[in-house]
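What follows is a short report on a single structure.
Bear in mind these aren't lab numbers, they're just calculated from the coordinates by the rules spelled out. Quick caveat: nothing in here was measured; it's all calculated off a predicted structure. Here Cβ is always computed from backbone atoms with ideal geometry, including for glycine, and neighbour counts include all displayed protein chains.
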Amino acid sequence: MLNWKSTLLFVALVVAQAVAAQQNVLSAYRKAIEKRIQESQADVAVSFLTLDGKTEYFFRADDSFHAASTMKIPVMIELFHQVKERRLRLTDTLTVHNQFHSIVDGSPYELDPKDDSEKDLYEAEGETRELGYLCDLMIAKSSNLATNLLIEKLGVEDIRATVHSLGGDGMRVLRGVEDQKAYDQGLNNTTTARGLQVLLTAIAEGEVVDQDSSRAMVAILEKQTFNEGIPAGLPQGTRVAHKTGEITKIHHDAAIVYAPRPFVLVVLVRGISDQKDSAALIADITKMLYQAVE
């Protein structure tokens with residue numbers, strides 16, 4: 001009869017063998033994934049982790065990219081953090097306005113509705129909207145105006161401090177959206193694939209603020225309306241909570257995927273002009289990783 005020490009050793013060996021087997025399966029797909037990346041001639045970073053902790057894959061995961069709209073994830077996180085601290089409520093309101101101040105010199109600038117994926121909020125200037133509503137717009141429809149209103153309310157320093165507390169330092173939030181003077185000086189929001197993966201993993205595991213807040217953030221991320229990337233590489237009907245980011249020659253997708261073996265996947269792409277091509281690349285990488293672990 002096995003004693004408890006022998007039992008623990010046996011369990012540890014079984015787990016180690018299972019992990020090794022999973023990594024061997026993944027390695028069979030690794031070459032195909034990296035061949036697909038090479039053929040795209042783009043700069044690509046990937047961070048992949050199954051939530052059971054048994055399988056991971058990183059490709060240039062610590063390279064820095066312009067964050068584009070993926071920086072809206074830490075803005076959402078900070079909103080829920082301040083709500084938990086009772087500094088704010090999701091039902092609190094903000095007056096909608098379209099004048100913000102550059103981090104370079106404080107000069108005013110406005111957002112152009114033509115450059116925003118959500119335009120209805122601009123028609124509400126002078127009216128009030130609840131913080132929770134603005135958060136939904138920021139994530140699901142990637143509203144730049146909602147994002148800047150929330151950043152102005154929450155404070156960039158507080159957003160950065162919360163990201164740091166979660167170990168997501170690869171995500172660096174400096175400013176709101178469309179600050180042209182800052183952009184011209186290279187003062188941009190940046191991220192790594194690993195930084196985003198750390199934040200999403202913490203949300204998936206209920207460790208951001210608290211379990212109820214994490215569940216609420218997942219529900220918001222599930223409302224995402226831009227689904228040409230990671231969701232397109234998964235079996236139809238797969239539950240996905242994710243945030244995309246798209247600007248010229250930049251296309252990212254960062255997701256919690258509730259597959260039979262749930263996982264977090266972040267794919268960052270730089271250098272492809274046609275977003276249909278970059279979306280196809282993201283979907284192909286997703287499909288191969290899904291096949292490797294399911």
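For LYS54, the lysines whose Cα falls under 19 Å of its own Cα, not counting residues fewer than eight places away in the same chain, are LYS287. The lysines whose alpha-carbon is closer than 29 Å to the alpha-carbon of LYS84, local same-chain residues fewer than 8 away aside, are LYS72, LYS141, LYS153, LYS223, LYS243. On the basis of the beta-carbon distance and an R0 of 25 Å, GLN291 and ASP212 show a calculated FRET efficiency of 0.15. Legend: ranking of residues SER273, SER142 from fewest to most surrounding C-beta atoms inside 10 Å; resulting order SER273, SER142.
Evaluating 6.51 cos²θ - 1.76 cosθ + 1.60 at θ = phi - 60° for every residue in segment 199-213, the Karplus couplings come out as 5, 5, 4, 5, 5, 4, 8, x, 9, 8, 6, 6, 4, 5, 5 Hz, glycine and proline recorded as x.
Taking a straight line from the alpha carbon of LYS114, these aspartates and glutamates sit under 15 Å away, with near neighbours fewer than eight places off in the same chain left out: GLU123, GLU178, GLU246. Based on the convex hull around the alpha carbon atoms, the chain presents an average projected area of 17.2 nm².
Taking a sphere under 11 Å around the Cβ of GLN99 and counting the other residues whose Cβ falls inside, with K and R at +1 and D and E at -1, yields a net charge of -3.
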